[in-house]
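The block underneath contains the structure these notes are about, expressed in structure tokens.
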Amino acid sequence: MTRMRRTGLLATLLLVAAGPLAARETIGVWRSWGAFRDRDRCYAIASPASAGGASRWRPFASVARWTETSSGRGLRASLHVRLSRERDRSAPVTLTVGERRFALVGNGVDAFATDAASDRAIVAALRGARSMSIETVGVRGRPFADSYALRGAATAIDAAILACAGR
């Protein structure tokens with residue numbers, strides 16, 4: 001990756017990442033994935049290589065480390081996807097990672113794993129695959145998909161998890 005392309009990617013990832021810019025610390029960038037730390041969490045994040053449509057927001061996929069509040073114990077890596085278009089809330093959302101498929105839940109623009117076990121299976125699948133896609137149906141009834149390259153994802157996820165290990 002050229003230096004100019006890497007700088008452009010970093011700038012894009014900084015714009016995509018949620019939270020105030022001043023409070024965010026860049027951990028590193030690996031291919032199309034970046035790892036960041038802010039006050040409340042550490043996360044790996046990427047923009048789609050191919051988005052299902054133009055939107056008023058920036059779509060992304062992220063894996064963040066957070067404490068399970070329902071059980072009050074342990075930390076888990078959790079998938080969060082911001083879709084490129086608003087979806088029909090009655091339409092299923094399917095994540096495909098390599099050859100594996102996962103059902104996601106969410107609202108009109110965000111999608112998440114259904115539970116902690118699914119999050120663990122998804123993160124494990126991300127580590128060994130080359131790409132992932134999220135497919136659903138938009139509010140106007142047209143199907144769309146957002147696709148992500150996964151080169152660098154495992155390293156960015158590990159860096160984010162390690163950056164918050166002491167929290």
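The values are calculated or read from the model by the stated rules, or taken from the named source; none is laboratory data. Just so you know, these numbers come straight off a predicted model, no measurement behind them. So basically every Cβ, Gly included, is an ideal-geometry build from the backbone, and we count neighbours across all protein chains shown.
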TODO: Within segment 39-72, work out how many residues are at pLDDT below 80, assigned to a strand (DSSP E or B) and of a type outside the set (A, V, I, L, M, F, W, C).
DONE: 1
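Counting only residues that are part of a helix (DSSP H, G or I) and within 12 Å of the chain's Cα centre (by Cα), which one in segment 105-122 is surrounded by the fewest Cβ atoms within 10 Å (Cβ to Cβ)?
That would be Asp119.
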Open item on the list: Whether any residue in segment 142-156 is closer than 18 Å to Arg41 by Cβ, touching a residue at least 40 places away in the same chain (Cβ under 8 Å) and of a type in the set (A, V, I, L, M, F, W, C) is what I want to check.
Closed with: yes
- [ ] Would you mind stating whether Leu75 is at pLDDT 80 or above and not basic (Lys, Arg)?
- [x] no
- [ ] Output the qualifying pairs, or none if there are none: Cβ atoms under 8 angstrom, residues six or more apart or on different chains, first residue in segment 36-47 and in contact (Cβ under 8 Å) with a residue 24 or more places away in the chain, second residue polar (S, T, N, Q).
- [x] Phe36/Thr26; Tyr43/Ser62; Ala44/Ser62; Ile45/Ser62; Ala46/Ser32; Ala46/Ser62; Ser47/Thr12; Ser47/Ser32
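Return the residue satisfying two criteria in turn: it lies in segment 78-93 and is within 14 Å of the chain's Cα centre (by Cα) and in a strand (DSSP E or B), and of such residues it is modelled with the lowest pLDDT.
Pass one, segment 78-93, residues within 14 Å of the chain's Cα centre (by Cα): 78-84.
This time we only want the ones that are in a strand (DSSP E or B), so: 78-82.
Numbers: Ser78: 91, Leu79: 95, His80: 96, Val81: 97, Arg82: 96.
Across segment 78-93, the extreme among qualifying residues is Ser78.
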Task: Number of the exception - Ala129 against (1) aliphatic (A, V, I, L, M); (2) under 18 Å from Ala35 (Cα atoms); (3) touching a residue at least 24 places away in the same chain (Cβ under 8 Å) - done: (2)
TODO: Take segment 137-151 and flag every residue that is hydroxyl-bearing (Ser, Thr, Tyr) and crowded, with 18+ Cβ neighbours inside 10 Å.
DONE: Tyr148
Task: The lone exception for Phe36 - which of (1) in a loop (DSSP other than H, G, I, E, B); (2) at pLDDT 95 or above it fails - done: (1)
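Can you pull out the residues in segment 123-136 that are of a type in the set (A, V, I, L, M) and surrounded by fewer than 21 Cβ atoms within 10 Å (Cβ to Cβ)? Before you say what the answer is, go through the steps one by one.
The initial filter retains those residues of segment 123-136 that are of a type in the set (A, V, I, L, M), namely 123-126, 129, 132, 134.
The answer is Ala124, Ala125, Ala129.
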